[in-house]
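Below you'll find the structure, written out as structure tokens, and then a few comments.
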């Protein structure tokens, strides 16, 4: 059976990990925001802004790591905007999030058109090259999949490890999780709910932007409109699928990416001649909805998610 | 920082802050113009002229406002009941598909019968599209924000499939576009020689109708009660689930009418770029109108004016037309903040 050949091939899993990488960054970013009690619907727009910023920085002559840093900073700036409106001012997280997505998207397109008024095919950059890890990359199957990726993929996995460590092994992580469950109790401990939530939204938004930058700096090597194509919304579903836990979310992202990689390969097979290609392209979105339904029963939603906190009210 | 409610905001607060938000939006526009290396006053002037400076410009703005009134109403109705319908884009396309299906000769009704029938079925299609996410929310507690957003992408791919497959125009020179509607299925112009179709007036009537439903009927009261506090509404014995389903049907139907009026009134056929984001812009329209159905008409005219004006300005001096998207998004954020500040006082500590 051809499908088994695909599932046992190293190139397939290498592709799955590559497709998962931007999702891992953005999913963990969203997870940090939501664990602190803030739903961040700015994710889609922030990923677009990050994708453009990273690419444009390198296109303008900065080295690759500086491009990633610029994307991170732009993401944090949009996070600061989202956080200011939703945390101290306690405005609707739905409305503000969508507003931030619309603003980040349009500002990105505006800047792109200003910077490159008359291009039909966007210029390419010299993107991150693969860094095969000595010895480990020679392992069968696992080697090419996990140890012959670009540095940004390694960074994605390291980020999950770091976030998991901070969330579960440090006092700050404890405070962050508590602020998403019972902000009044955190305030009673003498900690600032506002500062914790603002920090979480800014850090999370920065990671979303790095996820976007992965697309231009480690996958497509150039920027084009609509390249993020709903990945941000999918990441919100992945956070639910991962039950708001970093490693589970990573697993969800990889699983999801494997389906995506499979879908691309199925299009090349005999079945692809019968079934319209749009059906294959619908799969990721349909799969996300399915994941939401399956996980809805056992979802452990942070208790204070989407509940603004105002010291004046008790 | 602490927020204290103001007991009596007064006229100064409740008008001053929204006015300041509008001023901030204009200032943002001028800043963007400066960044683009253009004269800010020239940019503003050209935008106003392009949106309302001539009969042609004005009619163009009214035409552009038509789908925005429908999607704005769809969002206003849903958000009022705290049903977060971000899928107006998908519902719009569902309406457009049905309009093309019925209007290209499949249904042989004489003028003027075909139009109301196609409007009705378009609305039903849109209502059904939102029924899915609404049911998932009620049955499984799945957040409708994410499902309606994801449905937008699925619907666009479905339209792409239809336009390259079963609904493709054989005479379309290979372009992914549907056949043209027959004459009986087209919305006529309001006046001969005037480039404005009946869809605009119907949108106004729809706004009035929604206003009547919201302020004069039990359903309107129930939808508001559910939006204000679903727990309290349930405690008071209101059938919250059924009210949310009715809200979803109304909202989806209204969004679908945007697709119906665009196809039957303006374009005459279905293409993949039928909506340049009318569904998402509907959120801005509804929020700027404070979810008031009559206000939706005003804010739809404003948002349409910004877009039409930006198009015209961009053709004249080359500042990217995305300035319109940025402006309306900024206006949304300024306005929600202004509306809060009108109601509360910010205290330190």
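The values are calculated or read from the model by the stated rules, or taken from the named source; none is laboratory data. As the structure is a computational prediction, the values presented were derived from the model and not from experiment. FYI the Cβ positions are ideal-geometry reconstructions off the backbone, even for glycines, and counts take in every protein chain you see.
The figures follow:
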| quantity | calculated |
| --- | --- |
| Among residues of region A:253-273, those that are under 14 Å from the mean Cα position of the chain (by Cα) and within 14 Å of chain B (Cβ to nearest Cβ), counted | 1 |
| Residue selected from region A:291-309 under the condition closer than 23 Å to residue A:94 by Cβ and assigned to a helix (DSSP H, G or I), by the criterion modelled with the lowest pLDDT | A:296 |
| Members of region A:229-252 that are more than 10 Å from every other protein chain (Cβ to nearest Cβ) and not in a helix (DSSP H, G or I) | A:242, A:243, A:244, A:245 |
| In region B:50-80, residue nearest to the chain's Cα centre (by Cα) [restricted to those that are surrounded by fewer than 24 Cβ atoms within 10 Å (Cβ to Cβ) and farther than 18 Å from residue B:195 by Cα] | B:79 |
| Matching option when the condition is modelled with pLDDT of 95 or more, assigned to a helix (DSSP H, G or I) and within 14 Å of chain A (Cβ to nearest Cβ), among B:20, B:76, B:27 | B:76 |
| Test: residue in region B:182-191 that is at negative phi, modelled with pLDDT of 90 or more and not in a loop (DSSP other than H, G, I, E, B) | no |
| Among the residues listed as B:83, B:109, B:102, the single one being part of a loop (DSSP other than H, G, I, E, B), more than 15 Å from the chain's Cα centre (by Cα) and over 24 Å from residue B:223 (Cβ atoms) | B:109 |
| Among residues of region B:317-328, those that are closer than 21 Å to residue B:67 by Cα and either assigned to a helix (DSSP H, G or I) or touching a strand residue (DSSP E or B) at 6+ places or on another chain (Cβ under 9 Å) (or both), counted | 6 |
| Wholly within region A:34-138, helices (runs of 4 or more DSSP H) carrying at least 2 residues that are without any contact (Cβ under 8 Å) to a residue 40 or more places away in the chain and away from chain B (no Cβ under 14 Å) | A:64-86 |
| Single unsatisfied condition, residue A:290 versus (1) touching a helix residue (DSSP H, G or I) at 6+ places or on another chain (Cβ under 9 Å); (2) surrounded by fewer than 18 Cβ atoms within 10 Å (Cβ to Cβ) | (1) |
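For every residue, the table says whether it meets (1) within 16 Å of the chain's Cα centre (by Cα); (2) crowded, with 18+ Cβ neighbours inside 10 Å; (3) at pLDDT 90 or above; (4) in a helix (DSSP H, G or I).
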residue	(1), (2), (3), (4)
B:193	no, no, no, no
B:200	yes, yes, yes, yes
B:203	yes, yes, yes, yes
B:206	yes, yes, yes, yes
B:212	no, no, yes, yes
B:224	no, no, yes, yes
B:227	no, yes, yes, yes
B:232	no, no, yes, yes
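Residue-wise test of (1) facing chain A (nearest Cβ under 9 Å); (2) surrounded by 21 or more Cβ atoms within 10 Å (Cβ to Cβ); (3) touching a helix residue (DSSP H, G or I) at 6+ places or on another chain (Cβ under 8 Å); (4) part of a helix (DSSP H, G or I).
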| residue | (1), (2), (3), (4) |
| --- | --- |
| B:276 | no, no, no, no |
| B:308 | no, yes, yes, yes |
| B:315 | no, no, no, yes |
| B:330 | yes, yes, yes, yes |
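Residues checked against (1) free of Cβ contacts under 8 Å to residues at least 60 places away in the same chain; (2) more than 30 Å from residue A:92 (Cα to Cα); (3) more than 14 Å from chain A (Cβ to nearest Cβ):
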{"position": "B:142", "(1), (2), (3)": "yes, no, no"}
{"position": "B:168", "(1), (2), (3)": "yes, yes, no"}
{"position": "B:172", "(1), (2), (3)": "yes, yes, yes"}
{"position": "B:187", "(1), (2), (3)": "no, yes, yes"}
{"position": "B:219", "(1), (2), (3)": "yes, no, yes"}
{"position": "B:222", "(1), (2), (3)": "yes, no, yes"}
